[in-house]
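First the structure, in the form of structure tokens, and then the observations on it.
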Amino acid sequence: MNQPDPDFPPHILREYSLVADGERGALIGPRGDIAWMCAPTWDSGSVFSSLIGGAGVYGVTPQSRFVWGGYYEPGTLIWRSRWVTEDGVVECREALAFPGERDRAVLLRRIVAFDRDARVRVELEPRAGYGSHKLTDLSEDGGIWTGRSADLRMRWQGGRGAQVTSRRDRRFLTLELTVPAGTHHDLVLEIAPRVLHEDPVVADDAWQATEAGWAAAVPHLEHCVSAADARQSYAVLRGLTSSGGGMVAAATTSLPERAETGRNYDDRYVWIRDQCYAGQASAAAGDSRLVADAARFVGSMLLEHGSSLAPAYTIGGDPVPDQYELGLPGYPGGFDRVGNWVNQQFQLDAFGESLLLMAAAERCGVLDTEGWKAVETAATGIAERWQEPDAGIWEIDNRPWTHSRLIAAAGLRAAAAVSPPGRSAADWLALADRIVADTASNSVHRDGHWMRSPDDEGLDGALLLLPLRGAVPADDPRSVATLRAYQRDLVEHGYAYRFRQGPGRLGDSEGSFSLCGFVVAMALAQQGERSEALRWFERIKAACGPPMLYSEEYDVAEHQMRGNIPQAFVHAVMLEASARLAGE
């Protein structure tokens, strides 16, 4: 049986923190339970799966009654679980060794006792393949445990005295540990496919390298609004970005957007659009590193696939696998889906966002010759396909979506604005004008605002991006009318929604969309309404839990997060809004 440990039930999403190293990530719950981690990389089978009802867990939990808290060390994904217990205060410093290695995950956990001894219970059971493969070949040598699960090898340091416990179909390690006051105890878990490195990790060295790695990777961003929070969003984006440049959309799969509706998906892949958002946000914040990563990955996909560019790829640049279910209970209210049907879609705006990204890379001085070849390829893709219906930003039915077409035009204009002599700038501008004129002829509402598509008169949060990305000017009457109509019809209790899905309250159909909330803040700032923009920014910034991670949606009535976490495009627009509001 592939059943989760009953001692570690699922938690509400606001209570999970993330540690990540670029190649993989782990979610940690308030009982010190690592409830989700895939290895060796993001879209591999999970080795800790209790988040979606599978077996495999790694818990470090106080033995006495406690209340939970925690915090990130500034500008890092080094998390400190903090418990106030009947015996005193206990912390567990948590990280994936950073920057990560593609073929080895290194989980660092340092239990810290303050003025009293810290008593914790440790439980370790890695199980490969979403919990389907048992832990086998366990042995100890000098206090170092080794074992395997399917083709993954494990080495665990710090577990001297641990006991092998068998229960039902489970075989796992348990350790009752007392850490003397004023000291700490290190646990180091290595997981690698097939063969472990010969030399075990030295905890102190790994911690020092991880601290130095984060210090070098994340800029200070003092010029941004709410600079500390902007740095944290940057750290999340960096933690989701691999050495190959690709950034996964989220660390998780199948966390429901709304209970028992079927709206839960696998986001452990690189969405071209999301990666472009992150690069543009980094550029707006004055840092070129995430821009360069994004341009490298997106450019390589454009050059390889041309006008057939898919909306998403694996972290290694391969096609996203078809969607299927694992046979697990899933997160409460959800299912257990992996793979994604996005692999069957065409999304026109991916070409436009790619051009906007490449233009930002050129302004940052990080666009090379191959990048300019990718620009030409994206522009050609738009020329060939802009009249085709597409799935759009929200990945629904194929239509001539207004947002898709006008973002394509915005990308063409951005590329033309930075184009060196000899490029096709005049042709790109002419095509952009043609797209805007054609779209305006059939997608402007009689009240003066942009419509979702020629056959859908409704409003859409994505339409607020058009003046922000330069598709049309901010003072264009259609831009102003769209913002005002959106504020009137798609805002409820101060939170923003994507579009109206049916009669009744907006919140009856889905949660508010955090991305849209930050976009409203930027749109208001662009219109000169700085005070109202800051109010929006601060309200949406608070739509998270103590770890400051954002999901896709926020349930306003219940003040709960919904959907996969952390959602990269929300952190990206939060970072961009923080930079833009500082400059308005």
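Summary of values
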{"item": "Residues located in region 507-532, provided they are in contact with a Lys or Arg (Cβ under 9 Å, 6 or more places away or on another chain) and over 26 Å from GLU15 (Cα atoms)", "result": "ALA521, MET522, LEU524, ALA525, GLN526"}
{"item": "Contacts under 8 angstrom Cβ, first residue in region 181-199 being assigned to a loop (DSSP other than H, G, I, E, B), partner of a type in the set (Lys, Arg) and open to solvent by less than 30 Å² (accessible area, probe 1.4 Å), 6 or more apart", "result": "LEU196/ARG104; LEU196/ARG155; HIS197/ARG104"}
{"item": "Within region 99-119, considering residues that are of a type outside the set (D, E, K, R) and part of a loop (DSSP other than H, G, I, E, B), the one farthest from the chain's Cα centre (by Cα)", "result": "PHE114"}
{"item": "PRO473 vs. criteria surrounded by 20 or more Cβ atoms within 10 Å (Cβ to Cβ), touching a Pro at 6+ places or on another chain (Cβ under 9 Å) and under 29 Å from LEU355 (Cα atoms)", "result": "no"}
{"item": "Region 551-584, subset charged (D, E, K, R) and assigned to a helix (DSSP H, G or I), residue surrounded by the fewest Cβ atoms within 10 Å (Cβ to Cβ)", "result": "ARG580"}
{"item": "Per-region count, region 565-583, residues in contact with a strand residue (DSSP E or B) (Cβ under 7 Å, 6 or more places away or on another chain) and either under 20 Å from SER509 (Cα atoms) or not hydrophobic (A, V, I, L, M, F, W, C) (or both)", "result": "1"}
{"item": "Residues (touching a helix residue (DSSP H, G or I) at 6+ places or on another chain (Cβ under 6 Å) and over 18 Å from GLY100 (Cα atoms)) located in region 167-196", "result": "ASP186"}
{"item": "Residue in region 74-91 that is of a type in the set (Phe, Trp, Tyr), in contact with a Lys or Arg (Cβ under 9 Å, 6 or more places away or on another chain) and in contact (Cβ under 8 Å) with a residue 60 or more places away in the chain present", "result": "yes"}
{"item": "Region 120-146, residues that are open to solvent by less than 50 Å² (accessible area, probe 1.4 Å), in a strand (DSSP E or B) and without any contact (Cβ under 8 Å) to a residue 40 or more places away in the chain", "result": "LEU138, TRP145"}
{"item": "Residue satisfying all of: in region 418-443; in contact (Cβ under 8 Å) with a residue 40 or more places away in the chain and closer than 16 Å to GLU353 by Cβ; most open to solvent (accessible area, probe 1.4 Å) among these", "result": "VAL418"}
{"item": "Test: ARG446 is basic (Lys, Arg), modelled with pLDDT of 95 or more and farther than 14 Å from LEU355 by Cα", "result": "yes"}
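The values are calculated or read from the model by the stated rules, or taken from the named source; none is laboratory data. Quick caveat: nothing in here was measured; it's all calculated off a predicted structure. Cβ: placed from backbone, ideal geometry, glycine included. Neighbour counts: every protein chain shown. Side chains are part of the model used for accessible areas, which takes the heavy atoms of the whole protein and leaves out ligands, DNA and RNA. Shrake-Rupley method; radii C 1.70, N 1.55, O 1.52, S 1.80 Å.
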